[in-house]
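Student: This is the structure, below, for whatever I ask next.
The values are calculated or read from the model by the stated rules, or taken from the named source; none is laboratory data. As the structure is a prediction and not an experimental result, all values here were calculated from the model. Note: ideal-geometry Cβ built from the backbone for every residue, glycine included; neighbour counts use all protein chains shown. Only protein heavy atoms, including side chains, enter the accessible area calculation; ligands, DNA and RNA are left aside. Shrake-Rupley method; radii C 1.70, N 1.55, O 1.52, S 1.80 Å.
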Amino acid sequence: MFYREAGQYKKTYSADMAVFPILQDRIGIGLILATAAIIIPIFGSNFFISTVMIPFLVFSLGAMGLNIVTGYTGLISLGTGAFMGVGAFACYKLTTYFPDVNIIIWILASGVFSAAIGALFGLPSLRIKGFYLAVATLAAQFFLEWCFVRVPWLFNYNASGAIEVPQRTLFGVAITGANATPTVRYMVLLGIVVLMTWVASNVLHGRIGRTFMAVRDMDIAAELMGIRLLPAKLTAFAMSSFYCGVAGACMMFLWYGGGEASDAFNINQSFNILFMVIIGGLGSLIGCFFGAALLNIVPIILKFGLPAIGLPLAGATAEHINHLFVGSLIIFFLIVEPHGLARLWQITKQKLRTWPFPY
């Protein structure tokens, strides 16, 4: 009886069309944000924040970007890792040329360069789709990977070919670099993820989002209704790549603290993000968080959780078990519940709305 719409009256159209029309949903979101912004920074250890929460937020943002073009628009993309790399290198170059500008501005601005590259490689989507579009985006992945290694200007002619993250401060507090604490980096990343999730939710629940979903459901019918396919598909690729670019910049500047982008943004990263979207749920923002949480926590449990209870595993064994588990999950969700964990959560909420009655 605690999760009902009964007695919650809507007086305006905006209230009726709200993303969270039920009071309990708004309370739940408030509690989640309070936990993430207050409880975790105060009581969470540096290990927990660095190993669990920061990767979770980065992967959630990357999965959100891929879900926009694949889940909401129905266009398959296998170049997510490369678009994340574009964002990381763009942020690195902007920070090098304009060191006095706040690093958070460049992290967000790096998505613009990734969006431009994504729109460029999204041009074939007007003529091809399905498997052929997947191959085209896969070609983009390999081409951009080659650029990350073979174009020394991107990494400032560094002999190691790695991105060196400089120390930058905000109000006198280091937010990047060796002196930046995990808690500070987590809080900055949390603010970016919350902001971009709010923007994505508003865009996808508006006219642009309805355009994406019309193209996904049947592009020919959408074109007959007056939707211009090329602008719609390019907008989806650009928005998706923007989110992936920001995720890549956050990964390098707020998580890794530097390193070789060729290893961080390879084809394995693209498939990893794709698996998160499939397991979490296509066409669902909350599914991005579910998928990122599950695929991020399983390796941690295998590497640190099992040894803690007296079941040590070798590194290679844990890696093999992780691959088997992820593959089994993908097969399970594709067969049993194609809409992923988000659909299971939706069913649970519907059951709560009718509890204790069976109808």
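Student: Tell me, please, whether a residue that is open to solvent by less than 60 Å² (accessible area, probe 1.4 Å), in contact with a Leu (Cβ under 6 Å, 6 or more places away or on another chain), within 30 Å of A214 (Cα to Cα) and in a helix (DSSP H, G or I) can be found in the range 114-130.
Tutor: Checked against the condition, which is being open to solvent by less than 60 Å² (accessible area, probe 1.4 Å), in contact with a Leu (Cβ under 6 Å, 6 or more places away or on another chain), within 30 Å of A214 (Cα to Cα) and in a helix (DSSP H, G or I), the range 114-130 yields at least one hit.
Student: Right, next: Would you please name the residue that is farthest from the chain's Cα centre (by Cα), looking only at residues in the range 161-179 that are open to solvent by less than 70 Å² (accessible area, probe 1.4 Å), within 21 Å of A261 (Cα to Cα) and among the aliphatic types (A, V, I, L, M)?
Tutor: Restricting to residues being open to solvent by less than 70 Å² (accessible area, probe 1.4 Å), within 21 Å of A261 (Cα to Cα) and among the aliphatic types (A, V, I, L, M), the top hit is A162.
Student: Take the residues in the range 329-340 that are open to solvent by less than 40 Å² (accessible area, probe 1.4 Å) and of a type outside the set (D, E, K, R), then tell me which one is nearest to the chain's Cα centre (by Cα).
Tutor: Within the range 329-340, the first condition is being open to solvent by less than 40 Å² (accessible area, probe 1.4 Å), and the residues that meet it are 329-330, 333, 337, 340.
Still in the list and also of a type outside the set (D, E, K, R): 329-330, 333, 340.
Values: L329: 19, I330: 18, F333: 20, G340: 16 Å.
The residue in question is G340.
Student: For the subset of the range 144-155 comprising residues that are out of contact with any strand residue (DSSP E or B) (no Cβ under 8 Å at 6 or more places or on another chain) and touching a residue at least 12 places away in the same chain (Cβ under 8 Å), which member is nearest to R228 (Cα to Cα)?
Tutor: Within the range 144-155, the first condition is being out of contact with any strand residue (DSSP E or B) (no Cβ under 8 Å at 6 or more places or on another chain), and the residues that meet it are 144-154.
After this cut, where a residue has to be touching a residue at least 12 places away in the same chain (Cβ under 8 Å) as well, the list is 144-145, 148-149, 154.
Values: L144: 29, E145: 32, F148: 34, V149: 37, L154: 36 Å.
Among them, the one singled out is L144.
Student: For the range 1-70, list the helices (runs of 4 or more DSSP H) that sit wholly inside it and hold at least 2 residues that are closer than 30 Å to A232 by Cα, at pLDDT 90 or above and within 19 Å of the chain's Cα centre (by Cα); which are they? Reasoning before the result, please.
Tutor: Working: elements: 13-16, 23-34, 40-43, 54-67.
Output list reads 54-67.
Student: Quick one: which helices (runs of 4 or more DSSP H) sit completely within the range 222-313 and have at least 2 residues that are free of Cβ contacts under 8 Å to residues at least 24 places away in the same chain, of a type in the set (D, E) and crowded, with 20+ Cβ neighbours inside 10 Å?
Tutor: It comes to none.
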